[in-house]
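So the structure is just underneath, and the comments pick up after that.
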Amino acid sequence: MDDFIHHIIHFLMYSLVLWQLVLGVYIILIWAKRNINFNNSPVINVSESKQGFDYPIDVLKDRLEGKKMSNEPIEVDVNRKTIIDTKSDESSVKVDEKIKGKVKTQKDKLKKLRG
Amino acid sequence: MAKGLDCGTAYYIAATDKSIKKQRNVFLTVDGDANQVKRMLKRQRIPFVEKAGKVHIVGQHAFNYAQIFSTTELKRPMSSGLLNPKEKDALPVLNAIIGELIGKAKGKETCVYCIPAKPIDQTREVSYHEDVLKQIIETYGYDVKVIEESVALAYEGLVDNDLTGIAISMGAGMCNVCVMYQGMSALSFSVARGGDWIDANVAADCGVTKAKVITVKENSNQLDLTKSSINDIYQEGSDEYNIINAIRSYYGALVNYLLTNLTNQFNNAESVPNFPESVPVVFGGGTSLVKGFMEVVNEQFNQDEFPIEVKEFILVEDAHTAVARGCLSEAQLIEEDDSENQEESA
């Protein structure tokens, strides 16, 4: 029984020393990260400098060169293909008014103006 | 055969070189058993559209019904120049109207339709409206092209001035404006006020239905905007008398609103042409048809406050169909260009 208690005490002491070592190394590493600059490269590390946004490299380059950035929205052209059900089940629509005869337009003058 | 289509809030008008077709852009939904209602409508030869068990009377007949039964709600597939967001049954009705007006394309045919410019007084875009109409017209087999409504009007009304001047299309849902210099549009916009705005305000002020106001506006031989009231004293106090007076008042307000906003847009635009000479202002569209309209324009216009020297105000010939004819001209030119290109390549 005494042997068993002796082993338990030893176990606890060795564990305590070991945990103290781990804690010490952890504290030293945190201090070193805060106080020592490990990055000596002149290239800016994009992942460190970003503040919640992934800037395209062109934007970052423009900023480094001191170009002014526009905050205006960029209009984009979208290749739209709308598919909507517009068909009726049955239809018998008749035109309200139909005026027959030659329809006068300014087409010829318009053509001449356009050259 | 080239076709031009004016997709207006109150009327859809299709033009070919041989005819012009007009269709009032309204409908009303008939309650009751769909089959029974359809049988009844077919017997009386009343045009209808059925979709998902609902039957809608379309066009002038719907308008007539709304006048007779004042409690009946007249529905509009479009409002303020664009597709009516509150009207879920609008698209099948529009499809049926467009199909009847332009028919199926025989071979390679071009159809040019018009859309409004972006409105300055409501936060809506035109893209969805444009896409839906394009899709509907394409289902009938046409090569589809789009132009702005005011540009279509300019093609009819400004050609004699080298396509230089101001074109204002006075529609039911909107007024569309473009400032054009030698065929190029320097400034275009729309305001979401038009004939409907007049009707709604007159109806509210006079305590009558909008259908009644429209009837007076379109048919009354007493309506003349140059006169302040009906000369017949026995008609004073009648509905028609009140409506006519209110119409006159709101026409003045609408023209004033339009000219003020045109001045404001012109003054604030980044690049507008400096016209070396005075330019004409051409008006078209159904709302400009009322007798005395041009006198109201002259009355409201103030050259000292207007940024462009105006030569004259012109009401385009056959103002109601002018936009459709402008679209037709564009469609005809596209077809001619295509055939010339084909001949050259052959």
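Observations
- Each of A:ILE30, B:LEU262, B:CYS114 was placed along the dipole of the protein assembly as shown (beta-carbon charges, centred on the mean Cα), and the one lying farthest toward the positive end is B:CYS114.
- Extension gain, B:ASN267 back to B:THR29 (0.36 nm per residue minus Cα-Cα distance, nm): 81.1 nm
- Span-like helix ranges in chain B, DSSP H, alpha carbon extent 15 angstrom or more, Kyte mean at least 0.0: B:90-102, B:195-206
- For chain B, DSSP calls about 65 percent of its internal beta bridges antiparallel.
- Gain on full stretching of the segment that runs from B:GLU87 to B:ASN64 - 0.36 nm per residue minus C-alpha separation: 6.3 nm
- Cα-centre dipole for chain B with unit charges at Cβ (Lys and Arg positive, Asp and Glu negative), debye to 20: 1960
- Under a Gaussian network description of chain B, with springs only between Cα atoms under 10 Å, the residue in B:GLU148, B:GLU130, B:GLU277 that fluctuates furthest is B:GLU277.
- Based on the reciprocal of the average 1/r between different C-alpha atoms, the Kirkwood radius for region B:205-346 equals 18.4 Å.
- Considering only alpha-carbon pairs that sit under 8 angstrom and 6 or more positions apart, the relative contact order computed for chain B is 19 percent.
- Gain on full extension, evaluated as 0.36 nm per residue between A:VAL76 and A:ILE28 minus their Cα-Cα distance, stands at 12.0 nm.
- Summed residue charge, Cβ within 10 Å of B:GLY173's Cβ, Lys/Arg positive, Asp/Glu negative: +1
- Taking every C-alpha pair closer than 8 Å and separated by at least 6 residues, the mean separation divided by the residue count of region B:98-243 gives a relative contact order of 18 percent.
- In nm, spacing of pseudo-spin labels at A:MET1 and B:GLN303 (7 Å Cα→C-beta vector): 12.4
- Virtual spin-label span in nm between B:TYR128 and A:LYS94, 7 Å along Cα→Cβ: 3.5
- Cβ-to-Cβ counts within 10 Å put B:ILE115, B:ILE46 in ascending order as B:ILE46, B:ILE115, the fewest first.
- Peptide B:151-160 - average C-beta neighbours from other chains (10 Å radius): 3
- Cα lying deepest toward the dipole's positive end in the protein assembly as shown, options B:ALA346, B:MET184, B:GLY103, charges on Cβ: B:GLY103
- Based on the convex hull around the alpha carbon atoms, chain B presents an average projected area of 20.2 nm².
- In this structure, the residue pairs whose Cα-Cα separation is over 28 Å, taken from B:LYS51/B:LYS104; A:LYS100/B:LYS291; B:LYS18/B:LYS227, are B:LYS18/B:LYS227.
- Share of alpha-carbon pairs per 5 Å distance bin for region B:53-195, given as whole %: 2, 9, 15, 17, 18, 16, 12, 6, 2, 1, 0
- Hydrodynamic radius of the protein assembly as shown per Kirkwood, over alpha carbon pairs, in Å: 26.3
- Counting every pair of alpha carbons in region B:25-77, the share spaced more than 16 Å apart comes to 34 percent.
- Within the listed set B:LYS118, B:LYS86, B:LYS217, the Gaussian network model of chain B (springs between alpha-carbon atoms below 10 Å) gives the highest mean-square fluctuation for B:LYS86.
- Averaged over peptide B:122-129, the number of partner chain Cβ atoms lying within 10 Å of each residue's Cβ comes to 1.
Any read-out appearing in this document is the output of simple, stated calculations on the displayed coordinates, not a laboratory observation. Small disclaimer: the values here were computed from a predicted structure and weren't measured. When we count neighbours, we look across all protein chains shown, and the Cβ atoms used for this are built from the backbone with ideal geometry, even at glycine.
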